[in-house]
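Participant: So that we are looking at the same thing, I have put the structure below in C-alpha cells.
Taken together, the values in this text are just the output of simple stated rules run on the coordinates, not laboratory data. Just so it is clear, the structure is predicted and the values come from calculations on it, not from any experiment. Cβ placement follows ideal geometry from the backbone for every residue including glycine, while neighbour counts extend to all protein chains displayed.
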Amino acid sequence: MNLFVVGTDTGIGKTFISAGLVRALRMLGRDAVALKPVASGFDQGPAGRRNEDIEALRAAADGALSASQINVYGFDQPIAPHRAAELAGVEIELEPICQSFFAAVRAHQDVLVEGVGGFAVPLSSRWMLSDLVRALDLPVLLVVGLRLGCINHALLSAQAVVAAGLSLTGWVANALDTGMEQQEASVDAIAQRLAAPRLGTISRNAPEQEFLRLAQSLLRAKDTAKRADPTPQHREP
C-alpha cells in the first residue's frame, strides 16, 4: 500500500498521523515506512543537522530508513519550501524524489510519502506539490486539522486534489485543538460534503489503538479501491 499524505494546512499534524500509521501498520505485521522528501526547518545539534519530523518518521519505522533516505531536500529555514530552496541556491526537482520513492517501494511493503505544508504549495518556479503526487502516481490521504476554519480548508483541499486529477482515498480528522467548540459538528459537516470516506478521528494524545483502527480502515479503503480499479500503479519510468 502506497499513498501520499497531504494536509489542509501547515502544522496540522501530517507527521503525527504519518508516524502513527507507520507504527500501526508495522504492529499489523506489515513492512511500512514513510518518506518526507521535502522538509524545512533543521536544527544543528551535536550529531549534525536534524529535523523533528524526519526523526519521528525514522523512529516510527524502527530505523528502517536513514534520514537521507527519508528526505531528499532539506532546508535550514522553517519557511515555504520554494523560498527556502531559493535562499539555499537549490532547485527542487521531481526526478530525485521519484528515484528515492521507487527505491523505497522496491524494499518495503507500504510506503507513505508526506507532503510539505498544505496541498497548494509551490516547490519551485516549475513544480507544485500536485505535480509531485502525479509523478509518483499515488492516491491521497487528506489530514484535516480540527480547528476554526477546518470545514473550509478541508473542502477546498479536497476540491484541489480532485481538480488536479488525483484520487482521494479518504480523510482523517486530527483533533489538534482540544478547546475547539462544536468539534464533532464540524467533522459531521465535512463528512456530509466529501465523497471520500472518513477513515477516523485521532485525538491529541492518541493511544496506539486509535492508529490501529485508522490503519485498518485505510487498508479496507485501499482494498475496495483496488477491486474497483485493478490497473497496476507505480511503474518506474
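Participant: Taking only Cα atoms and a 10 Å spring cutoff, compute GNM fluctuations for the chain and point out the largest among Q44, Q183, Q216.
Facilitator: In this elastic network of the chain, the residue with the biggest mean-square fluctuation among Q44, Q183, Q216 is Q44.
Participant: If you don't mind, there's one more thing I want to ask. List the residues whose amide H sits under 5 Å from the amide H of G118, counting only those 5 or more places along or on another chain, with H placed 1.01 Å from N in the peptide plane.
Facilitator: T10
Participant: From the helices alone, meaning DSSP H stretches of at least four residues, give me the mean residue ellipticity at 222 nm for the chain, per-run term -39500 (n - 2.57), in deg cm²/dmol to the nearest 500.
Facilitator: -13500 deg cm²/dmol
Participant: Another question, then. Using the basic label-point model (7 angstrom from Cα toward the beta carbon), what is the R198 to M180 distance in nanometres?
Facilitator: Rounded to a tenth, the inter-label distance reads 1.1 nm.
Participant: List every residue whose amide H lies under 5 Å from the amide H of S167, counting only residues 5 or more places away in sequence or on a different chain, with H placed 1.01 Å from N in the peptide plane.
Facilitator: Result for S167 returns V140.
Participant: Further question: Defining a contact as two alpha carbons under 8 Å apart and six or more residues distant in sequence, what relative contact order in percent does the range 2-228 show?
Facilitator: Numbers: 413 pairs, mean separation 56.7, N = 227.
It comes to 25 percent, rounded to a whole number.
Participant: Rounded to the nearest 20 debye, what is the charge dipole size of the chain about its Cα centre when +1 sits on each Lys and Arg Cβ and -1 on each Asp and Glu Cβ? Working shown, then result.
Facilitator: Details: 22 positive and 25 negative charges, 105 e Å.
Approximately 500 debye in magnitude.
Participant: Limiting things to C-alpha atoms, what are the Rg and the maximum Cα-Cα separation (Dmax) for the range 2-228, in angstroms?
Facilitator: Values for the range 2-228 (Cα only, Rg and Dmax): 16.6, 51 Å.
Participant: Through the Karplus equation 6.51 cos²θ - 1.76 cosθ + 1.60, θ set to phi - 60°, convert the phi angles of the range 13-25 into ³J(HN,Hα) values in whole Hz; use x for Gly and Pro.
Facilitator: Couplings: x, 4, 5, 4, 6, 4, 5, x, 5, 4, 4, 5, 4 Hz.
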